[in-house]
Amino acid sequence: MRRAFIAGNWKMNLNLASSVALVEGLVKATADCDDVDVAVCPPSVYLSAVAQAAAGSKVGVGAQNMYHEPDGAFTGELSGAMLKDVGCRYVILGHSERRNILGESSEDVNLKVHAALSAGLIPIVCVGELLAERKANKTMDVIRRQFDGSISGLTADQMKQVVIAYEPVWAIGTGEVATPAQAEEVHLALRKLMEDRYNKEVAETVRIQYGGSVKPDNAAELLAQPNIDGALVGGASLKVEPFVGIIAGARKK
């Protein structure tokens, strides 16, 4: 049975004081949470402080991005080793905002996935279609292309260490959310892709999160779907109460 995983992507929000206060609140609220993995991904400048506040708790810490080289003259970038050094366990890669706003390709994401695994980080690899692509019935073409490009060259053992996040771009920050049936359809297709690319064991091991306007009032229904193993949460992760409400939805799975 795959263990549910709820991660909060804080994006470019909060300040130092509010970041630390938020994680301290989450640490208290999740003290008895033994059946769900929980993580927060703050802005990089707050990673160290958040990791210190979360140390020894049930709350893991992840970064929102990284560079694929281990070191060197890459101004403004952060390596996997640097993220590990400040207490990260996870790193989000290929988020739709990085793909669609900052121009990252699946090939770029793939380099980062390999680098993250080499550094001992767990990559949360995002895939998802635009509204126009869904309306044109191209959802699975997009998902397949992004998935194949992003995980290219991974062995079966490496793939087992990856988390996939399906985030329909049209549902991120819009208040729109894929219905449980729509989300489950893509999650099931992703699992079949993994079985085709690798084997049934890999497909049954890898956790697939859903992301896109997840809130306490829709989390339980989404997470009840057999192939939805957690959530990558945006706006609702910026306050303790709604984020804990989503975690509670996962505990009912």
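The values are calculated or read from the model by the stated rules, or taken from the named source; none is laboratory data. A quick note: this is a predicted structure, and the numbers were derived from the prediction, not measured. A quick note on method: Cβ atoms are made from the backbone with ideal geometry, for glycine too, and the neighbour counts reach across all protein chains shown.
Results, tabulated for the structure shown:
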quantity: Among residues of the range 20-34, those that are of a type in the set (D, E, K, R) and touching a residue at least 60 places away in the same chain (Cβ under 8 Å), counted; calculated: 0
quantity: The range 167-180, subset in contact (Cβ under 8 Å) with a residue 12 or more places away in the chain and surrounded by fewer than 16 Cβ atoms within 10 Å (Cβ to Cβ), residue nearest to Arg134 (Cα to Cα); calculated: Glu176
quantity: Members of the range 191-213 that are touching a residue at least 40 places away in the same chain (Cβ under 8 Å) and under 19 Å from the mean Cα position of the chain (by Cα); calculated: Leu193, Val202, Glu204, Thr205, Val206, Arg207, Ile208, Gln209, Tyr210, Gly211, Gly212, Ser213
quantity: Spans of helices (runs of 4 or more DSSP H) in the range 120-233 with at least 1 residues basic (Lys, Arg) and at pLDDT 95 or above; calculated: 139-151, 180-197, 200-205
quantity: Selection count where residues are closer than 17 Å to Lys28 by Cβ and buried (at least 20 other Cβ atoms within 10 Å of the Cβ), scope the range 208-243; calculated: 2
quantity: Considering residues of the range 140-173 that are β-branched (Val, Ile, Thr) and within 19 Å of Ala231 (Cβ to Cβ) only, the residue farthest from the chain's Cα centre (by Cα); calculated: Ile143
quantity: Verdict on Tyr67 being of a type in the set (Phe, Trp, Tyr) and within 18 Å of Ser19 (Cα to Cα); calculated: no
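Results for (1) buried (at least 19 other Cβ atoms within 10 Å of the Cβ); (2) charged (D, E, K, R); (3) under 27 Å from Tyr210 (Cβ atoms), shown as yes or no for each residue.
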{"residue": "Val40", "(1), (2), (3)": "yes, no, yes"}
{"residue": "Pro43", "(1), (2), (3)": "no, no, yes"}
{"residue": "Glu77", "(1), (2), (3)": "no, yes, no"}
{"residue": "Arg89", "(1), (2), (3)": "no, yes, yes"}
